[in-house]
Amino acid sequence: MLNVPSQSFPAPSSQQRVSAGGRSKVPLKQGRSLMDWIRLTKSGKDLTGLKGRLIEVTEEELKKHNKKHDCWICIRGFVYNVTPYMEYHPGGEDELMRAAGSDGTDLFDQVHRWVNYESMLKECLVGRMAVKPAVPKGMLPKSQVTDTLAKEGRSSPSYDWFQTDSLVTIVIYTKQKDINLDSVIVDHQDDSFRAETLIKDYSYIIHIELSHEIEDFSVRVVENVGKIEIVLKKKENTSWKRLGHPLENHNSFIPKKDTGLYYRKCQLISKEDVTHDTKLFCLMLPPSTHFQVPVGQHVYLKLTITGTEIVKPYTPVSDSLLSEFKEPVLLNNKYIYFLIKIYPTGLFTPELDQLQIGDFVSISNPEGNFKISQFQELEDLFLLAAGTGFTPMVKVLNYALTNIPNLRKVKLMFFNKTEDDIIWRSQLEKLAFKDKRFDVEFVLSAPTSEWNGKRGHISPDLLSEFLKRSSDKSEVLICICGPTPFTEQGIRLLHDRNFSEEEIHSFTA
Ligand code: FAD
Ligand code: NAD
């Protein structure tokens, strides 16, 4: 893993070329990978130029450090000297310079709020801002929150609690009708009880240290009135005088982007080979967690690699395409499955592959902008997937085939390099045989001479044949996911064929 390949970096196939939010990454010089950066931070070199001293930085001082050879950036009230990091930044030096000598929190959040910069840049920490230029995360002034909500015609949720001898019930009044079990995530870890309710782009958070111990809890949603009930089973049948102590962000209703990613430790239960380089990982959630990943959304996995926390996005799948299709009601929410390709010279996946059964990985709350409401009137669903870009399609496919009443046709065009790279090929073929609405076509970019199927990369010819509607005016959705050049080219070709923005969904970070 530590050998640096001699080709240009990132390699044409590198995940480090994956753009976040549609932005391209630049090639980095050799010896400037994330792993090289981690090594530099562990070398004991003075990266701030302050010999380990932390200082209070005024706005005037920050502004002075606005050049490539002397660049300080403030993120959430902390100032970093990012000069030594310039050449390692996957987005390139110019991108980093946009925030030089100023508060880069918003720019950072727009592009990669999930990157664990505190850990990656800890050796570059210069100090705190003397006067905070930005409001720290999760702490918007009440008036600002209220103004934003008022503009959007939304009022803040609230909560209440009551008890019987054996139970305590926390009731969250969301004041929204489209709330379901996916909308609420509950974690009871150590002394913290945390319930995050997702309401459009906002989070309502209950976060308390409970005054008494509990055995377990369950979550119910009364959809038509938008009420969530979290029922706690008391360990002892005593009367609680109060629910507990408020913790960070308790009873706050804040934009989701300001909440930070919340992680829980999950245990590796099994790991199975699916292809020569892709494995199905099964992770178990802690028993005291209520958590479901909505269709089309991803999570972040976090591992500590040589002392630095590294985070990468992955899209949960079901354990198999066919079992969930046969038994859609049999949902065991304690397990999360991932199809993950192991890149031998990658940073994260070889570490993941090294984990033993019983080891732990942290999993974040779900993220993503795919909305199941895009589906309701759908008649034709076209899925364009390349390599592990197949992962979001798994749940989308299952959901569509089991839940959409008007659905006539689901077609998957699955692009891979060789036959050996095709994930779940026989399951896909069986599903196509069983359900006449579903069809799959495999396209290979580097096939052997024996391959009789389609060849090449995504192209106008392949798409014109594939994208045949069931009727002239049918409601269509096209989902696309894969390496960034594949997705970008696919979107261009779809626009050329006059599909509208609303008819295309691309999966990105
Ligand atoms: P990286 O370190 O990023 O390296 C990847 C490639 O670059 C390898 O080919 C490696 O050989 C090459 N490389 C690395 N260093 C160098 C160097 N110095 N010089 C030349 N080449 C180099 N992936 C999945 O498998 N399953 C999923 O479900 C999934 N879901 C995703 C969801 C989203 C929203 C996104 C954005 C990505 C998803 N990915 C998924 C991709 C995943 O996040 C990672 O990018 C991927 O696992 C690679 O991580 P890595 O750290 O192991 O590899
Ligand atoms: P891969 O290298 O095996 O390539 C699979 C196919 O993609 C190729 O056969 C080819 O048809 C196509 N392709 C590759 N490069 C292309 C290019 N430059 N132009 C046009 N087509 C190209 O793919 P992989 O290693 O499995 O990588 C899968 C990618 O999907 C990764 O970049 C990963 O980050 C991304 N992904 C994204 C999400 C998401 O939700 N955003 C989810 C899963 C995977």
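Distances between placed amide hydrogens fall under 5 Å for I214 paired with K235, all partners being 5 or more residues away or on another chain. Computed from label points 7 Å out along Cα-Cβ, the spacing between K473 and K417 is 4.7 nm. Checking the Cα-Cα distances for K334/K371; K341/K409; K200/K411; K256/K371; K409/K430 against a 19 Å cut-off, the pairs over it are K334/K371; K341/K409; K200/K411. Amide H contacts of V317 (H built 1.01 Å from N, in plane; Pro and chain starts excluded): Y337, F338, L339 sit under 5 Å, all sequence-distant by 5 or more or on other chains. Length gained on full extension, I55 to N498: 153.9 nm, using 0.36 nm per residue less the C-alpha separation. Multiplying the residue separation of L261 and D435 by 0.36 nm and subtracting their alpha-carbon distance yields 58.8 nm.
For segment 470-509, the alpha-carbon coordinates run over 31, 18, 15 Å along the three principal axes, in decreasing order.
Full extension of the segment from H212 to D182, taken as 0.36 nm per residue of separation minus the current Cα-Cα distance, would add 8.1 nm. Surface exposure of segment 396-486, expressed per residue as accessible area with a 1.4 Å probe, stands at 50 Å². Considering all C-alpha pairs of segment 202-293, those separated by over 15 Å amount to 76%. Amide H neighbours of V126 under 5 Å, at least 5 residues apart or on other chains, H built in the peptide plane: list them. Distant-sequence amide H within range of V126: V79, Y80, N81.
Computed log10 I(q)/I(0) for segment 69-115 at 0.22, 0.28, 0.30, 0.31 Å⁻¹: -0.72, -1.17, -1.31, -1.37, from the Debye equation with unit scatterers placed on every C-alpha and solvent omitted.
For segment 165-213, the Kirkwood hydrodynamic radius from C-alpha pairs, put into Stokes-Einstein at 25 °C and a viscosity of 0.890 mPa s, yields a diffusion coefficient of 202 µm² per second. Computed with every protein chain present, the accessible area of V274 is close to 40 Å² [probe 1.4 Å]. Along its principal axes, the chain has C-alpha extents of 66, 64, 48 angstrom, given from the largest down. Using +1 at the C-beta of Lys and Arg and -1 at the C-beta of Asp and Glu, which of P294, T259, L280 has the Cα lying farthest in the positive direction of the dipole of segment 235-325? Result: T259. Only the Cβ atoms of Lys and Arg (+1) and of Asp and Glu (-1) were treated as charged; on that basis the dipole of the chain about its Cα centre amounts to roughly 440 debye. I'd like the distance separating the alpha-carbon centroids of segment 330-375 and segment 412-482, in whole Å. Result: 24 Å between the Cα centres.
With Cβ to Cβ distances under 14 Å as the rule, what net charge do the other residues near P246 carry (K, R +1; D, E -1)?
-1
Averaged per residue, what accessible surface does segment 223-263 expose to a 1.4 Å probe, in Å²?
54 Å²
Listed by chain and number, the lysines whose alpha-carbon sits under 30 Å from that of K68, ignoring those within fewer than 8 places in the same chain, are K25, K29, K42, K45, K51, K122, K132, K137, K257, K312. Expressed as a whole percent, the accessible area of the chain that falls on carbon and sulfur atoms is 50 (1.4 Å probe).
Rounded to the nearest 5, what % of the DSSP beta bridges within the chain are antiparallel ones?
Working: 83 of 113 bridges.
So the antiparallel bridges amount to about 75 percent of the total.
Ordered by 1.4 Å accessible area with all protein chains kept, R194, R492, R39 run largest first as R492, R39, R194. Here's the picture: charge each Lys and Arg Cβ at +1 and each Asp and Glu Cβ at -1 in the chain, and of I404, Y117, I342 the one pushed furthest to the positive end of that dipole is Y117.
The values are calculated or read from the model by the stated rules, or taken from the named source; none is laboratory data. Worth saying up front: this structure is predicted, and the values here are computed from it rather than measured. Cβ sites come from the backbone with ideal geometry, for glycine too, and all protein chains shown count toward neighbours. In case anyone asks, the SASA skips ligands and DNA or RNA and just uses the protein heavy atoms, side chains included. Shrake-Rupley method; radii C 1.70, N 1.55, O 1.52, S 1.80 Å.
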